[in-house]
Amino acid sequence: MRITCLALLMLLLAGCQPPATPVNNAALLESLRGQWVVINYWAKWCKPCIEEIPELNELDHLHDDITVLGVNYDGATGEDLATQLRDLKVAFPTLEQDPAELLGQPRPSVLPTTFIINPAGELVHSLVGPQTLESLLAATSGGQQ
């Protein structure tokens with residue numbers, strides 16, 4: 001009985017933890033220095049975006065020196081974003097905030113748009129339109145530094 005009460009108390013206290021803080025885009029990008037970063041803007045209503053998601057998933061999964069990050073163009077959050085990610089089978093992390101200003105870029109006006117950041121942290125490509133695994137590898141120098 002005592003162990004059950006202790007376990008119940010621990011579960012109740014775990015529910016009182018403060019919510020996780022949003023990811024700071026600047027800190028995240030700084031932590032990814034030394035590898036290629038691919039930032040892709042997508043929306044659930046954008047057919048070319050949906051078509052390229054498997055290519056981005058594969059890039060993120062197969063290449064340890066490349067990190068793919070998504071940006072929901074419509075700014076969806078919470079359960080709406082979670083549903084979109086699940087429905088579109090997005091397997092790479094999605095940023096909570098648009099990083100365009102941080103990168104010194106205007107917010108994209110065409111979707112999909114993909115920013116390529118080199119291992120030194122510099123924006124080297126802004127790709128407009130749907131990408132393939134091959135075009136993404138070419139933009140990231142084949143994933144080699």
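The values are calculated or read from the model by the stated rules, or taken from the named source; none is laboratory data. The shown structure was predicted, so the numbers you read here are calculated from the model rather than taken from an experiment. Positions of Cβ are generated from backbone atoms using ideal geometry, with glycine treated the same way; all protein chains shown enter the neighbour counts. For accessibility, only protein heavy atoms count, side chains too; no ligands or nucleic acids. Shrake-Rupley method; radii C 1.70, N 1.55, O 1.52, S 1.80 Å.
Only one entry in L85, L56 is in contact with a strand residue (DSSP E or B) (Cβ under 8 Å, 6 or more places away or on another chain) and more than 19 Å from L103 (Cβ to Cβ), namely L85.
Of all the listed residues (S135, S126), the sole one being in a strand (DSSP E or B), within 21 Å of C46 (Cα to Cα) and open to solvent by 30 Å² or more (accessible area, probe 1.4 Å) is S126.
Every test in (1) more than 14 Å from the chain's Cα centre (by Cα); (2) open to solvent by 70 Å² or more (accessible area, probe 1.4 Å) is passed by T77 save one, and that test is (1). Under the condition of being of a type outside the set (S, T, Y) and open to solvent by less than 40 Å² (accessible area, probe 1.4 Å), the residues counted in the range 36-55 number 11. The residues of the range 101-111 that are at pLDDT below 95 and either aliphatic (A, V, I, L, M) or under 13 Å from the mean Cα position of the chain (by Cα) (or both), listed by number, are L102, L103.
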